[in-house]
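Contents: one structure, followed by commentary.
The values are calculated or read from the model by the stated rules, or taken from the named source; none is laboratory data. Predicted, not measured: the structure shown is a model, and the values here were computed from it. FYI the Cβ positions are ideal-geometry reconstructions off the backbone, even for glycines, and counts take in every protein chain you see.
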Amino acid sequence: MEAIRKIVSVKNRTITIVLPDDFDANQVEVIIFPSEKSDNSEYNVPQWQIDRVRDRTENYLNNPEDVTDIDDFLKEIEGEL
């Protein structure tokens with residue numbers, strides 16, 4: 001499934017969404033809710049998330065062989081449920 005998230009301007013209670021050339025779905029679901037962001041603002045990632053991703057990336061780069069296989073990880077989670 002491909003998801004597209006955009007902040008678009010409303011003009012005369014109308015919006016226009018231009019889809020990428022490779023988007024080939026015949027039907028889409030549209031959910032509309034007001035946005036607090038202005039058209040030109042960027043999404044702000046919280047600093048704690050940035051720090052966590054950096055820590056995980058550094059850990060992986062330092063220990064690339066110490067990675068859990070996704071199938072093993074999913075089995076572990078299922079066992080805890």
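For residues in region 66-81 being of a type in the set (A, V, I, L, M, F, W, C) and at pLDDT below 85, which is nearest to Arg56 (Cα to Cα)?
Among those residues, the one meeting the criterion is Val67.
If a residue has to be farther than 23 Å from Asn44 by Cα and among the basic types (Lys, Arg) to count, how many in region 1-26 make the cut?
2
Need the failing condition index for Val8 against (1) at pLDDT below 90; (2) surrounded by fewer than 10 Cβ atoms within 10 Å (Cβ to Cβ), just the number.
(2)
For region 9-23, what are the residues that are free of Cβ contacts under 8 Å to residues at least 24 places away in the same chain and assigned to a loop (DSSP other than H, G, I, E, B)? Working first, answer last.
Step one: filter region 9-23 for residues free of Cβ contacts under 8 Å to residues at least 24 places away in the same chain, giving 10-23.
Scanning region 9-23 gives Val10, Asn12, Arg13, Ile15, Thr16, Ile17, Val18, Leu19, Pro20, Asp21, Asp22, Phe23.
Suppose we filter region 47-65 for residues that are among the aromatic types (Phe, Trp, Tyr) and at pLDDT below 90; how many remain?
The number of residues fulfilling the criteria is 1.
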